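Before any comments, here is the structure.
The values are calculated or read from the model by the stated rules, or taken from the named source; none is laboratory data. Nothing here was measured: the structure is a model prediction, and the numbers come from that model. FYI the Cβ positions are ideal-geometry reconstructions off the backbone, even for glycines, and counts take in every protein chain you see. Note: areas computed on protein heavy atoms with side chains; ligands, DNA, RNA excluded. Shrake-Rupley method; radii C 1.70, N 1.55, O 1.52, S 1.80 Å.
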Amino acid sequence: MKERLVAIYHGFGLPRLIIAGFLLLLLIIAAGTELSVPGLLSDALVRIGQNGIYVLAMVPSIQAGVGLNFGLPVGVICGIVGVLVAMEFTLLGFKGFLVAILLAVPLAIGAGYLYSLLINRVAGQEMMVGTYVGFSVVAGMCIFWLMAPFKNPALIWPVGGQGLRVTLTLADTFAGVLNNFLAFEIFGLKVPTGLLLFYGLIAFIVWLFFRTKAGVAMEVVGRNPRFAAASGLSLNKYRTLGIIMSTVLAAIGYTVYAQSFGFVQLYNGPLMTAFPAVAGVLIGGASTREAKVRHAILGVVLFQTLLTVAMPVTNQLIEGNISEIARVVVSNGMILYALTRATGGEQA
């Protein structure tokens with residue numbers, strides 16, 4: 001029994017045990033206040049499905065040896081374009097959602113390939129370069145949003161008739177199509193069944209990929225590049241594949257995020273999307289050299305539940321709203337913790 005507990009402790013990791021214990025404490029405090037615990041958990045489930053694919057997008061890039069993909073906004077921009085085209089033609093419900101994904105994925109494949117050409121030239125500095133690439137793409141697209149040839153009055157500025165608005169609503173197109181699909185309520189807990197099923201499907205596909213020959217080869221390239229090269233594996237080929245997969249997942253993730261959130265935020269909206277995703281996968285037990293699907297799932301559950309529960313409880317106990325401050329502290333604190341560890345492969 002003792003050995004089993006020790007194995008569970010080492011497998012789960014001390015940081016995750018601390019976070020889980022802290023979450024339990026917050027839920028107990030919430031139950032003693034005016035807050036609704038089922039309501040908090042309902043919001044947490046939505047945020048888990050809403051942000052889960054973003055965190056999954058980190059797995060292929062880490063496994064390919066590229067490290068944490070701070071260039072996630074490259075894929076997010078592709079997702080935004082897909083959503084905007086669906087909104088331009090007022091495509092409703094699942095039709096609009098699927099068209100947005102079908103348009104975003106080819107764009108993400110092309111953008112991911114171009115992004116990989118740069119990343120493969122800066123081996124060893126991928127995370128720093130990726131951060132600047134993400135920021136640069138977001139800044140460059142601010143010019144495109146002002147000149148984009150969209151004509152739908154719901155998208156463009158009413159004065160001048162050109163340029164996209166800062167925030168667009170999906171209420172009249174496909175907001176909540178996944179959240180409301182097969183949704184049900186039990187003991188006050190609302191379960192967004194469609195959203196969680198779609199997230200589970202994407203997670204299963206990624207898990208399945210890493211059981212294939214290409215997935216195993218990608219993992220070998222990331223773990224031991226010298227051995228992979230000696231075995232005849234092309235490092236750049238699998239690094240490129242990992243980056244493209246990460247970019248495609250980011251594009252799909254944004255489409256899921258937008259339909260759940262109900263709005264599309266342009267201009268500087270996508271700027272910081274990589275940081276919560278990076279924090280999520282690191283909280284789940286991943287390192288800068290190794291990440292599994294289970295790390296992404298556990299990380300998004302802990303991180304998003306922590307944010308969802310901690311902020312209302314904190315606001316109840318402390319006068320004033322410090323939710324944004326706490327979110328930034330938690331996100332960047334976890335990133336700093338992971339990047340300053342002595343070895344990338346040790347247990348978090």
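Averaged over its residues, the chain has an accessible area of 47 Å² per residue, based on protein heavy atoms and a 1.4 Å probe.
Descending by average beta-carbon neighbour count within 10 Å, the peptides 37-44, 269-276 line up as 269-276, 37-44, the highest first. Can you give me the C-alpha center-to-center distance between the range 75-140 and the range 201-230, rounded to a whole angstrom? Between the Cα centre of the range 75-140 and that of the range 201-230, the gap is 23 Å. Under 5 Å between amide hydrogens, built in the peptide plane, is the criterion, and for residue 183 it picks out 193, 194 among residues at least 5 positions away or on other chains. Take the solvent-accessible surface of the protein heavy atoms, probe 1.4 Å, and return the percent of it on the range 38-114 that carbon and sulfur atoms account for. Result for the range 38-114: 78 percent of the exposed heavy-atom area is carbon or sulfur. Per-residue ellipticity at 222 nm, computed for the chain from helices alone with -39500 (n - 2.57) per DSSP H run of at least four residues, works out to -22500 deg cm²/dmol. Only protein atoms count toward the accessible area here, which uses a 1.4 Å probe; on the range 163-310, the carbon and sulfur part of that area reaches 66 percent. Relative to the current alpha-carbon distance between residue 236 and residue 117, full extension at 0.36 nm per residue lengthens the span by 42.0 nm.
Computed FRET efficiency, Cβ-Cβ of residue 125 and residue 227, R0 25 Å: what is it to the nearest 0.05?
Efficiency computed from Cβ-Cβ geometry: 0.65.
Note on the range 38-270: dipole from Cβ charges, positive end direction compared against 231, 98, 259; the farthest Cα belongs to 231. Dipole of the range 134-264 computed with +1 at Lys/Arg Cβ and -1 at Asp/Glu Cβ about the Cα centre; of 249, 199, 164, farthest Cα towards the positive end is 249. Which residue fluctuates most in the GNM of the chain (Cα springs below 10 Å): 307, 233, 170? In this elastic network of the chain, the residue with the biggest mean-square fluctuation among 307, 233, 170 is 233. Approximating the spin labels as points 7 Å out from Cα along Cα→Cβ, the residue 165-to-residue 197 distance works out to 3.3 nm.
Checking every one of the GluC sites (Glu not before Pro) in the range 1-93 against DSSP loop status and a limit of 14 other Cβ atoms within 10 Å picks out 34. Listed by chain and number, the lysines placed with their C-alpha closer than 30 angstrom to that of residue 190 are 95, 292; residues fewer than eight positions away on the same chain are left out. In terms of the mean number of neighbouring beta-carbon atoms within 10 Å, the peptides 57-63, 159-165, 78-84 order highest first as 57-63, 78-84, 159-165.
Within the chain, which complete DSSP H helices have Cα atoms spanning at least 18 Å along the helix axis and a mean Kyte-Doolittle hydropathy of 0.0 or higher?
Taking the DSSP H segments of the chain (at least 18 Å long, mean hydropathy at least 0.0), we get 14-31, 37-56, 73-88, 93-119, 126-147, 193-209, 235-261, 293-317, 323-339.
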